[in-house]
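The values are calculated or read from the model by the stated rules, or taken from the named source; none is laboratory data. The structure presented is a predicted model; accordingly, all values stated were derived computationally and were not measured. Because the Cβ atoms are built from the backbone with ideal geometry, glycine has one as well, and the counts that use them run over all protein chains shown. For accessibility, only protein heavy atoms count, side chains too; no ligands or nucleic acids. Shrake-Rupley method; radii C 1.70, N 1.55, O 1.52, S 1.80 Å.
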Amino acid sequence: MLRSRAHTRRLFGFRRSTFFLVLFGLSYVCYLLAGALVFAAIEAPGDAKRREQLHVRIQAFRNKFVCVDDSALEDLIQEVVKASNRGVSAANNVSGEPNWSFGQSLFFSSTIVTTIGYGNVTPLSREGKMFCIVYAMIGIPLTLVLLSALVDRLMMFSTAFLQYLNSRLGHLYQPFNIRVLHLMAVGSILVIFCIMIPASIFAAIEPEWDFLDSLYYCFISLTTVGLGDYIPGDFPNQPYRPFYKILTTVYLLVGLTFMMLLLTIYYEIPELNLGILFLMRSDERTGDPEKMRLSAPATTKYTEEESKETPSPEDITPVHARP
């Protein structure tokens, strides 16, 4: 009887989590479709206009220089586009700093190990591509370890701040409300010091960027989307470009650390973690709680003195994770 009830509860829990997962998957597909429709509606008219303008300019060039062969002009345009996609600008007769100076290379290395990957500069040689694969395989885990260790240290300050909020507001608000307030406070600090202030600095340094462009670059970079349409320091005749690239690398690493801190605080609030709805319990994965009990290793019997010294789960639970 008890086994039948356990089986019923397990089956109900499995169906419930699967239902929420399917519902979430359908909602996610709808979200993608809605994004495609909105982007197409916003960007398609401008794209068509730019294509028409480019066609007019090319036709005017052909009419002015009749002696230029059409196929030769097309070949030249294709080479210019190909070079631009590889990070080499044809402006000013291909002048400017090389893509693989030390500052540029350090910036490229940081975008690889942080998975930002702007894509404006890529290795072209076979040796460079092979080294990039090996470098990323080693560098990405190392970067995750470093960022996780830094976030672990920052969580001590975050926990102290949460304890302060609990001591001041615990008699007025529920623990969940205090956690949300704590999350909003840390998020505000991140937005101000890692997005708004750097965006103002980039807008002042980059000649062709306004504040919206800089804000867009900071957000796209710190979320590791890395579209590559805006890259700091690539404007021709940019002063102190290597040093500028190094400072940008430091900014990306610091910003990613605080972004991971914010995500860690968010995931520690159970009420906001939607992933719990889709998780299967251990008995649902194995299919039989009785088999789990029989296959589990024998527990060690502790003496009375050892049991007294063993901390309770409440004692070892961090303050920021307690309900």
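List of remarks:
- From the options F131, F39, residue that is open to solvent by 60 Å² or more (accessible area, probe 1.4 Å), at pLDDT 80 or above and under 30 Å from V254 (Cβ atoms): F131
- So I178, is it in a helix (DSSP H, G or I), at pLDDT 95 or above, over 18 Å from the mean Cα position of the chain (by Cα) and not basic (K, R): no
- Any hit, region 227-247, residues being modelled with pLDDT of 95 or more, polar (S, T, N, Q) and open to solvent by less than 30 Å² (accessible area, probe 1.4 Å): no
Okay, residues lined up against (1) open to solvent by less than 90 Å² (accessible area, probe 1.4 Å); (2) under 14 Å from T257 (Cα atoms):
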residue	(1), (2)
L142	no, yes
V151	yes, yes
L165	yes, no
P175	yes, no
V180	yes, no
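- Of all residues in region 42-86, those satisfying the criterion of being open to solvent by 100 Å² or more (accessible area, probe 1.4 Å) and hydrophobic (A, V, I, L, M, F, W, C) are I42, L54, V66, C67, L76.
- Every residue from region 208-218 that is open to solvent by less than 30 Å² (accessible area, probe 1.4 Å) and touching a residue at least 24 places away in the same chain (Cβ under 8 Å): C218
- The lone exception for F258 - which of (1) within 28 Å of N166 (Cβ to Cβ); (2) surrounded by 14 or more Cβ atoms within 10 Å (Cβ to Cβ); (3) at pLDDT below 80; (4) not charged (D, E, K, R) it fails: (3)
- Region 68-84 residues that are without any contact (Cβ under 8 Å) to a residue 12 or more places away in the chain, paired with ones that are of a type in the set (A, V, I, L, M) and not in a helix (DSSP H, G or I) (beta carbon under 7 Å, 6 or more apart): V80/A90; A83/A90; S84/A90
- Only one of S158, S200, S188 that is at pLDDT 95 or above and either in contact with a Phe, Trp or Tyr (Cβ under 9 Å, 6 or more places away or on another chain) or open to solvent by less than 50 Å² (accessible area, probe 1.4 Å) (or both): S200
- Of all positions in region 219-227, none carries a residue that is over 20 Å from G119 (Cα atoms) and either without any contact (Cβ under 8 Å) to a residue 12 or more places away in the chain or in a helix (DSSP H, G or I) (or both).
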